[in-house]
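Reviewing the structure listed below.
The values are calculated or read from the model by the stated rules, or taken from the named source; none is laboratory data. In this text the structure is predicted, and so the values were computed from the model without any measurement. Positions of Cβ are generated from backbone atoms using ideal geometry, with glycine treated the same way; all protein chains shown enter the neighbour counts. SASA here: full protein model, heavy atoms, side chains in, ligands and nucleic acids out. Shrake-Rupley method; radii C 1.70, N 1.55, O 1.52, S 1.80 Å.
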Amino acid sequence: MRRGRGVPREHAELRDEILEQGTIFSEYPPGSLPLPHRFPERNRIVSGLSRGVIVAEAPERSGALITARLALEQGRDVMVVPGTLVCAHGRKQPPAAGGGDPGLLVADVHGVLGCPPLLPSAESRVGCFPFSRELHVGEIAQAVSVPVQELLPCLMEMELANLVEKRPGTTIRS
């Protein structure tokens with residue numbers, strides 16, 4: 001299959017795979033250049049095809065916030081991951097477009113979208129928990145809705161993997 005003009009070289013293989021196994025939506029003919037002024041139009045399609053949009057680590061002037069605004073205009077659910085995951089430029093508040101619900105866990109997303117809740121394993125709930133400060137084991141158990149007797153083996157595995165550190169007085173820190 002011929003690679004189309006306008007596809008960055010590093011994405012050409014992904015584009016070919018999508019064309020073979022899926023569909024590409026665009027308002028422009030094949031081979032059109034991916035010009036920056038077209039990105040908001042693309043984001044409108046993305047949000048329009050989605051039940052909801054999750055915004056994470058979005059700088060003030062970003063396509064993610066454009067997508068969030070468009071999603072709100074289209075009546076879609078918009079969720080925001082507060083704080084940062086890795087990058088220092090992540091937003092700590094919902095997008096300026098307003099209306100973003102905080103989305104921290106899969107259960108939060110399922111709740112906003114009205115999906116039946118998934119019951120993730122204790123390990124995945126604890127592994128997704130943001131250890132922002134030293135916490136007592138009971139605080140962690142309550143925050144992730146895991147009984148202490150199930151939580152302790154998870155924390156021990158995390159400690160062995162150097163993901164957390166056990167501190168005096170049954171407290172944990174990352």
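One chain, two ends: H136 and A12. Fully extended at 0.36 nm per residue, the span grows by 39.7 nm beyond their Cα-Cα distance. Shape of the stretch 17-66 from the C-alpha gyration tensor: oblate (a/c of 1.5 or more and a/b not above b/c, with a ≥ b ≥ c the square roots of its eigenvalues).
With a Förster radius of 41 Å, plug the Cβ-Cβ distance of Q149 and S50 into 1/(1 + (r/R0)^6) and report the FRET value to the nearest 0.05. Efficiency, rounded to the nearest 0.05: 0.55.
Return the FRET efficiency for the residue pair I24, D108: r is the Cβ-Cβ distance, R0 is 35 Å, and the value is rounded to the nearest 0.05.
Details: r = 31 Å, r/R0 = 0.88.
Once rounded, the FRET efficiency stands at 0.70.
Amide H contacts of I172: L135, H136, V137, R167, each under 5 Å away and 5 or more positions distant or on a separate chain (H built 1.01 Å from N in the peptide plane; Pro and chain starts excluded).
Packing here is the average count of other Cβ atoms within 10 Å per residue, and on that basis the peptides 65-73, 154-162, 15-23, highest first, run 65-73, 154-162, 15-23. In the full protein assembly as shown, how much of L163 is accessible to a 1.4 Å probe, in Å² to the nearest 10? The accessible area of L163 comes to roughly 100 Å².
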